[in-house]
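What follows is one structure encoded as structure tokens, with my remarks underneath.
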Amino acid sequence: MNADDIKVCILRVGGTNCDAETKRAFTELGAQAEVIQISDMIKLRNLLDYNILVLPGGFSYGDYVRSGVIFARHLSAQLGKEIQSFVDEGRPILGICNGFQILVEYGLLPSLDGVSEYAQAALTTNEPSGFKCKWVYLKQENHGKCAFTTAIPTGKTIQLPIAHGEGRLLFPKEKEDAILERLIDEDMIVLRYCNNNGEVAEGKYPANPNGSFYDIAGICNKEGNIFGLMPHPERAMYWWQLPNWTSTNQKFQYGDGKLIFQSIINTLTKKSSR
């Protein structure tokens, strides 16, 4: 499989945003990417015609009830069999911001023992509360399992923007220690909030912008093909999207967000060439 053989489905509903930017990121790297309304996917398309599924950011269905839950239930009811096949075949799934919330509500992450019938975690109200829209530093903690970060060396610090009001990742209090141990042992932690020197935030604001447990900004499943993160890589794809774009030497065409998209393209093209 070459990059131009890769087909990417970016699912959207009312309230979705950054779908166009996400499509642009994939097409920039040579993949075929489509933004598809979920009603069209249900009635006219087949999810299994695609190699990658992306749930982009935004406020799906207005984030009523709680962020991501309505979209997650709709997906389960209408496309549950196709999504299960997608997972069983190890095809990559990416959830960005609201997409991460959807993956958690669906039970696709953290997916400690396969796809769960109920949410095993929550992405809830920021602490301190309020909508946070800013650039953050992130430390890449994964050791090679996550298919979406293979182009980012372990320990490297990257910079991406966030834009969310409910990004605080929490686990049931009585299970926190056991779940954290599994996440670490099975290499499921991918990104953690840190300062500009790469030192993890240790729960301290503003380096940890939302109070997320263990400073977690992104996790993957045990197999590494499902990845959810709160920051927006599609908003850091090009140099002109960066916060210091007017004051830096513009010798670099891309920002750190490219590394997320390039990683999965590399993973799929390498797998097919074996």
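The values are calculated or read from the model by the stated rules, or taken from the named source; none is laboratory data. The structure displayed is predicted, hence computed values, not measured ones. Note that we place each Cβ from the backbone using ideal geometry, even for glycine, and neighbour counts take in every protein chain shown.
A few notes on this one:
- Taken over region 163-202, the criterion of being over 20 Å from the mean Cα position of the chain (by Cα) and farther than 25 Å from GLY144 by Cα is satisfied by PRO172, LYS173, GLU174, LYS175.
- When ALA20, ALA25 are checked against the criterion of being at pLDDT 95 or above and crowded, with 20+ Cβ neighbours inside 10 Å, a single residue qualifies: ALA25.
- Residue that is under 24 Å from ILE179 (Cα atoms), buried (at least 20 other Cβ atoms within 10 Å of the Cβ) and touching a strand residue (DSSP E or B) at 6+ places or on another chain (Cβ under 7 Å), where the choices are GLU127, GLU141: GLU141
- Test result for ILE70, surrounded by 19 or more Cβ atoms within 10 Å (Cβ to Cβ), farther than 20 Å from THR269 by Cα and out of contact with any Gly (no Cβ under 8 Å at 6 or more places or on another chain): yes
- Only listed residue being touching a helix residue (DSSP H, G or I) at 6+ places or on another chain (Cβ under 7 Å), assigned to a loop (DSSP other than H, G, I, E, B) and in contact (Cβ under 8 Å) with a residue 24 or more places away in the chain, chosen from LEU123, LEU79, LEU75, LEU109: LEU109
- Residue among GLU141, GLU176, GLU166 that alone is touching a residue at least 24 places away in the same chain (Cβ under 8 Å), within 15 Å of SER67 (Cα to Cα) and of a type in the set (Asp, Glu): GLU166
- Every residue from region 126-170 that is closer than 16 Å to ARG192 by Cβ, part of a loop (DSSP other than H, G, I, E, B) and hydroxyl-bearing (Ser, Thr, Tyr): THR149, THR154
- Inclusion of LEU103 among residues that are in contact (Cβ under 8 Å) with a residue 40 or more places away in the chain, within 21 Å of ASP63 (Cβ to Cβ) and not in a helix (DSSP H, G or I) is not warranted.
- Among the residues of region 6-21, just one is of a type in the set (A, V, I, L, M), within 19 Å of PRO92 (Cβ to Cβ) and part of a loop (DSSP other than H, G, I, E, B), namely ILE6.
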